[in-house]
Amino acid sequence: MITAKNLTKRFGRLVALDSINLEIEGGLTLILGPNGGGKSTFLNLCAGLYRPSKGEIRVLGEKPWSNDGLRKRIGVSFDPPALPKHRTAREWLTYIAEVKGLDGEEVIKAAELFSAEKYLNRKMGEYSAGMLKRISLAQAFLGKPELVLLDEPLANLDLEGIKEVAGVIGELAQKGTNMVVVSHIWRPLVEFADRIVVIAAGRVVLTGTPDEVVPEIEEI
């Protein structure tokens, strides 16, 4: 799904990712690590928002930046959600669906996944942080993409919402949806994960199955 070779990303003097090598296969991969460790930078490189400073990254075999064809094949949810406040959720999701060549039924299906269908006709500037998260997640899963990239999917949700959304992500993973998930709230997702990658100080410091990695994390 994703291959990174000597992948480096600098922002001025700050080295956010430092020559990482990583292969991510199908299934659900959790990316964990401390704040500022490079997790979200890696996800943004996968989504094509950043270009590498050095090295290379391939997503579904392609360079992700300036790649409209690849964008139709993947789904992305950022944190905080990048959603237009003066448009309704239905307008926004319909726009994304049209870009991907999907029909309006896919909008309803995606919204229903995250219990957001009754809010579709309200402008998103009126939404709570939790509802914005649900719409962002619905956007990511429009049309059954080949790969979904999720940045903090459980952030800004209450306890009931965390349980619900984690359950939906787990069900989709079990049905074969490929996902890469960055999350500080990771315990509700561990049971669904095929592998865990830990990124800290711009480097991959641990990788393996949940059974292999979780005990190492708990000792830190």
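No value in this document is a laboratory result; all are computed from the given coordinates. Quick caveat, the model's predicted, so the values are computed rather than measured. Neighbour counts run over all protein chains shown; Cβ positions are idealised from the backbone, glycine included.
Worth a mention:
- Between the listed residues TYR95, GLY167, VAL107, the Cα displaced farthest toward the positive end of the dipole of the stretch 84-220, a dipole computed from Cβ unit charges relative to the Cα centre, is found at TYR95.
- Derived from the Cα gyration tensor, the three semi-axes of the equivalent ellipsoid of the chain are 28, 20, 16 Å, largest first.
- In this structure the amide hydrogen of LEU32, modeled in the peptide plane, comes within under 5 Å of the amide hydrogens of VAL197, VAL198, ILE199, none closer than 5 places in sequence on its chain.
- Length gained when the stretch LYS72-ASN6 is fully extended (0.36 nm per residue, less Cα-Cα span): 21.1 nm
- Backbone geometry of the stretch 83-95 corresponds, through the Karplus equation with coefficients 6.51, -1.76 and 1.60 at θ = phi - 60°, to 3J(HN,Hα) couplings of 10, x, 5, 9, 10, 6, 4, 4, 4, 5, 5, 5, 4 Hz, x marking Gly and Pro.
- Alpha carbon centroid spacing (whole Å) that separates the stretch 138-180 from the stretch 30-70: 19
- Both numbers refer to the Cα atoms of the stretch 84-145; Rg and Dmax are 10.3, 29 Å.
- Legend: calculated FRET efficiency, LYS175 to LYS100, from the Cβ-Cβ distance at R0 = 30 Å, rounded to 0.05, equals 0.95.
- The magnitude of the dipole of the chain, with charges of +1 and -1 set on the Cβ of Lys/Arg and Asp/Glu and taken from the Cα centre, is near 1000 debye.
- Counted residue by residue at 0.36 nm each, then reduced by the alpha carbon distance between them, the extension gain from LYS163 to ARG13 reaches 50.0 nm.
- Length-normalised contact order of the chain in % [C-alpha pairs under 8 Å, at least 6 apart]: 27
- Each Cα pair under 8 Å and six or more residues apart adds its separation to the average, and for the stretch 24-135 the resulting relative contact order is 20 percent.
- Summed residue charge, Cβ within 12 Å of SER40's Cβ, Lys/Arg positive, Asp/Glu negative: -1
- Net charge of neighbours whose Cβ lies under 14 Å from the Cβ of GLU56, counting Lys and Arg as +1 and Asp and Glu as -1: +4
- Counting DSSP beta bridges with both ends in the chain, the antiparallel % (nearest 5): 55
- Mean residue ellipticity (222 nm) of the chain, computed from DSSP H runs ≥ 4 via -39,500 (n - 2.57), nearest 500: -10000 deg cm²/dmol
- Computed from Cα atoms, the angle from the helix 129-140 axis to the main principal axis of the chain rounds to 80 degrees.
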